[in-house]
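The values are calculated or read from the model by the stated rules, or taken from the named source; none is laboratory data. Keep in mind the model is a prediction, meaning the values are calculated, not measured. In this analysis, Cβ positions are derived from the backbone assuming ideal geometry, glycine residues included, and neighbour counts consider all displayed protein chains.
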Number of protein chains: 4
Amino acid sequence: MMKEAPLAPELAVTRWFNTQKPLTLAGLRGRPVLIHAFQMLCPGCVIHGTPQAQKAHMMFGDSDLAVIGLHTVFEHHDAMGPAALDAYIHEFRLTMPIAVDQPGDGIPTPVTMRRLGLRGTPSSVLIGRDGRIRHHGFGQEDDMAVGAMIAAAIAEKPFRTAMNAAGITDTDACTDEFCHAP
Amino acid sequence: MMKEAPLAPELAVTRWFNTQKPLTLAGLRGRPVLIHAFQMLCPGCVIHGTPQAQKAHMMFGDSDLAVIGLHTVFEHHDAMGPAALDAYIHEFRLTMPIAVDQPGDGIPTPVTMRRLGLRGTPSSVLIGRDGRIRHHGFGQEDDMAVGAMIAAAIAEKPFRTAMNAAGITDTDACTDEFCHAP
Amino acid sequence: MMKEAPLAPELAVTRWFNTQKPLTLAGLRGRPVLIHAFQMLCPGCVIHGTPQAQKAHMMFGDSDLAVIGLHTVFEHHDAMGPAALDAYIHEFRLTMPIAVDQPGDGIPTPVTMRRLGLRGTPSSVLIGRDGRIRHHGFGQEDDMAVGAMIAAAIAEKPFRTAMNAAGITDTDACTDEFCHAP
Amino acid sequence: MMKEAPLAPELAVTRWFNTQKPLTLAGLRGRPVLIHAFQMLCPGCVIHGTPQAQKAHMMFGDSDLAVIGLHTVFEHHDAMGPAALDAYIHEFRLTMPIAVDQPGDGIPTPVTMRRLGLRGTPSSVLIGRDGRIRHHGFGQEDDMAVGAMIAAAIAEKPFRTAMNAAGITDTDACTDEFCHAP
C-alpha cells in the first residue's frame with residue numbers, strides 16, 4: 001500500500017523566509033516533512049491553519065521533522081506580495097521556514113500548488129521519510145489528529161538507514177521498497 | 001461627570017469601504033458610535049478585535065448604533081495599502097463601514113489615531129449620543145462587557161430629543177448639557 | 001408592548017446557597033433579575049451557561065442587577081441532591097446566590113421551572129425592574145447579546161421611582177404602567 | 001532509558017461502566033493504554049480532560065489503543081458515588097470504559113491513584129506495549145501533544161511479537177528488553 005502512495009513533487013520557490021539557505025524535498029529526504037500551504041489573507045489559514053503549523057514547528061523541534069510554510073497565492077496577488085508577507089511573518093511571529101510558491105505561467109495557481117494538486121488553502125501535505133505523501137488535508141484539521149499523524153511519520157523506520165542496509169545510494173532510482181524523486 | 005468626558009474629535013479619512021457616502025461624527029451626532037481602530041496585519045485585531053466589531057455591527061443592526069472600522073496603519077505601510085485592505089475586507093467578509101485613516105504628516109501615526117490618542121491596535125472608542133467619549137479600550141475586550149457598554153449607550157436619552165426639548169439647534173455650540181463638535 | 005409581557009411568577013425554593021437569607025422576586029422588585037436555570041450534570045450548563053451566569057454576576061456586581069442560579073432538577077434526582085450541589089458549587093467556585101427549585105408534586109419537573117414554563121436547561125429568564133419578563137432564553141446564548149440585554153434592563157427607568165411618582169405603593173396591584181406580582 | 005521506566009501497577013477497581021467485562025492492565029499487555037484519572041466534579045476534568053480522553057477513545061478507535069477512564073474520587077465522596085457517576089456518564093455521552101477506583105483504606109486517596117502516585121485530577125498515564133509508563137501528565141494537556149504521544153506509543157514494536165521472537169512467554173519475568181508486571 002505504501003508503494004502506491006505518490007512521491008511528493010519538488011518545491012518551486014522564488015523566495016525563502018526564516019531560513020539561511022533554500023530547502024528542497026530532495027535535500028530533506030530521510031526526514032518527515034510537513035508542508036503547510038497558506039495565503040496570508042485566507043481567514044482559515046490566519047486563524048487556524050498557520051498557528052497550527054507554527055505550533056507543530058515548535059512542538060516537534062527536538063525531532064527531525066521539517067515544517068515548511070508554503071505561500072501559495074492564487075488570488076489577490078497584488079495584496080500578498082513578498083513585502084506584505086514579510087510584514088505578516090513578523091507581526092504573527094512565525095519562525096518556521098516559509099517559501100513563496102513560484103507564480104503560475106499564465107494561470108493564477110502557482111507551480112508547487114498545481115504540482116501537489118491542492119484544492120485551496122489551508123492545505124497540509126505530510127511527506128514520509130521515503131519522500132512519499134502520507135496525508136493530504138484541506139481546511140481545518142484537528143490538533144490531536146495532526147499530532148498523531150506527525151508522530152507516526154517520525155516513528156517510521158529511518159529511510160537512509162534502510163537504504164544503507166539495502167546497499168542503495170541517494171542517486172539510485174526506485175527499488176521495491178523506496179523511490180527517489182527526480 | 002458626563003460633562004467632563006471629552007468630545008470625540010472628527011475623523012480624517014482618505015477612503016471609505018462598505019459605504020456609499022463618507023461618514024462623519026458630526027453627521028452621526030445623536031446616535032451612539034463604536035469606532036474599531038485596527039490594522040489588517042495586527043494579530044490581536046484579525047483574531048479577536050475585528051470579528052468582535054463585525055459581530056456588534058450585525059447584532060445591533062436594528063438599533064441606531066453606528067459601527068465604524070478605522071484602518072489606522074502606523075507600521076508596515078507598504079503592506080497595508082488600500083488594495084491590500086480591499087482584499088482583506090473581501091476575504092474576511094467584513095460588512096461594516098471601514099475608513100482609511102489619513103496618513104500622518106511626516107510621522108507614522110495617522111491623523112485620527114493621533115487625535116483620539118490611541119495607544120495602538122486594536123482600540124475601541126465608544127461615543128455617546130452627545131458626541132462625548134464613553135469608553136476607550138485597548139487590546140482584547142470581553143464580549144459581555146462590550147455588549148453591555150453598547151446597550152448602555154443605546155439606552156441613553158436621545159440626544160436630539162433632549163436638544164429639541166431644550167430649544168437647541170444643531171448649529172448651536174455647547175450648552176450645560178450638550179456640546180456640538182466643530 | 002411592555003404591558004403585554006407576563007409578570008414573572010414567584011420562586012419556590014427548598015434551600016439556598018451563597019446567601020444569608022432567602023430571596024424572593026417580590027423582595028427584589030425594582031431591580032433587574034437574571035435567573036439562570038441549570039442542572040449540575042447538564043453539559044450545556046456546566047460548560048457554557050453556568051460560567052456565563054457567574055461572569056454576569058461578577059461583571060455587573062457594581063450595579064443593582066441580581067443574578068440567581070436556580071437548580072431545576074428534572075432528571076437523575078438521586079445524583080443531584082443538595083450535598084452534590086454543595087460540592088459542585090464549591091469545586092466550580094460559584095459565588096452567585098443559588099436556589100434549589102422545589103420538587104414537583106408527583107411530577108419530575110420542579111415547581112418554579114413549571115411556573116416559568118422552561119423547556120429545559122440551561123434556560124435564562126431576565127426580569128425587568130417592573131417584575132415583567134424581558135427575555136426567555138434556552139440553550140447556548142452569545143455573551144455579547146447577554147451583556148446587551150442585561151445592560152438594557154439595568155438602564156430602564158427605576159421602578160420604585162416611577163411608582164412613587166405615580167403615587168403607587170408596593171401593595172397596589174396593576175396600574176396602566178406597572179403590575180405587582182401576587 | 002526505557003528499562004528505567006517503571007512498570008505500571010495494576011488497577012484496583014470496584015465497578016466498571018461501558019464494558020461488559022472488567023479490564024486489567026495484565027490483560028491489556030501488548031497494547032498501549034491511556035489512563036485518564038478524573039473526578040466528575042473536577043472542573044479541569046469536566047471542561048477539558050475528560051472530553052480530550054473521550055476524543056482519543058474515538059479517534060484511535062481503529063488502533064489497538066485502550067483508553068480507560070479512572071474515577072479517582074479523593075474528596076466529596078458523598079457527591080460522587082456510582083449513581084452520580086452513572087448519570088454523569090449518561091449526560092456527557094462518555095463511551096470509553098470507565099473504572100471506579102477502589103476506596104482507600106482509612107485514607108481519602110483511592111488505591112489505584114495512590115499506586116500510580118497521581119498528584120490530583122485530571123491526570124493522564126500512558127502505558128507502552130511493554131507495560132511501562134511512558135508519560136505521566138497532570139492538569140491541562142495540549143491536544144497536539146497528546147495525539148503525538150499516543151501515536152508514538154502505538155507505533156512501538158509490538159510487544160508480544162518481540163517476546164515471541166525472543167522465545168519469552170507471558171509468565172517470564174524481566175529480560176534485557178522487556179519486563180512483565182507481577
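Which pairs do you get when a residue that is farther than 15 Å from C:I89 by Cα, found in segment D:32-45, comes within reach of a residue that is part of a loop (DSSP other than H, G, I, E, B) and modelled with pLDDT under 95, reach meaning Cβ atoms under 8 angstrom, with the pair 6+ apart or on two chains?
From segment D:32-45, the pairs are D:P32/D:E156.
Which members of segment A:121-147 meet the condition of being part of a loop (DSSP other than H, G, I, E, B), out of contact with any Cys (no Cβ under 8 Å at 6 or more places or on another chain) and over 21 Å from D:I150 (Cβ atoms)?
Kept after step one, since they are part of a loop (DSSP other than H, G, I, E, B), are these residues of segment A:121-147: A:121-122, A:128-131, A:139-142.
Next cut, out of contact with any Cys (no Cβ under 8 Å at 6 or more places or on another chain) only: A:128-129, A:139-142.
Scanning segment A:121-147 gives a single hit, A:G139.
Can you tell me which condition B:K21 does not meet? The list is (1) of a type outside the set (G, A, S); (2) exposed (fewer than 15 other Cβ atoms within 10 Å of the Cβ); (3) closer than 18 Å to B:A155 by Cβ, and all the others hold.
With respect to (1) of a type outside the set (G, A, S); (2) exposed (fewer than 15 other Cβ atoms within 10 Å of the Cβ); (3) closer than 18 Å to B:A155 by Cβ, B:K21 is out only on (3).
Taking the condition hydrophobic (A, V, I, L, M, F, W, C) and under 30 Å from A:F74 (Cβ atoms), does B:L118 pass?
Working: hydrophobic (A, V, I, L, M, F, W, C): yes; under 30 Å from A:F74 (Cβ atoms): no.
So B:L118 does not fit the description; no.
Starting from residues that are under 15 Å from D:V33 (Cβ atoms) and away from chain A (no Cβ under 14 Å), keep the ones in segment D:138-161 and report whichever is nearest to the chain's Cα centre (by Cα).
Of everything passing the filter in segment D:138-161, D:F159 is nearest to the chain's Cα centre (by Cα).
Got at least one residue in segment C:29-46 being part of a helix (DSSP H, G or I) and over 30 Å from D:C42 (Cα atoms)? Even if it seems obvious, please write down each step before you answer.
The first filter runs over segment C:29-46 and keeps only residues part of a helix (DSSP H, G or I), leaving C:43-46.
Adding the requirement that they be over 30 Å from D:C42 (Cα atoms) leaves none.
No, every residue in segment C:29-46 fails to be part of a helix (DSSP H, G or I) and over 30 Å from D:C42 (Cα atoms).
Of the numbered conditions (1) under 20 Å from B:F92 (Cα atoms); (2) of a type outside the set (A, V, I, L, M); (3) over 16 Å from the mean Cα position of the chain (by Cα), A:G104 satisfies every one except a single condition; which is it?
Result: A:G104 passes all but (1).
Quick one: how many residues across segment C:57-91 are facing another protein chain (nearest Cβ under 10 Å), surrounded by 22 or more Cβ atoms within 10 Å (Cβ to Cβ) and either within 17 Å of the chain's Cα centre (by Cα) or not in a helix (DSSP H, G or I) (or both)?
Going through segment C:57-91 one residue at a time, the tally reaches 1.
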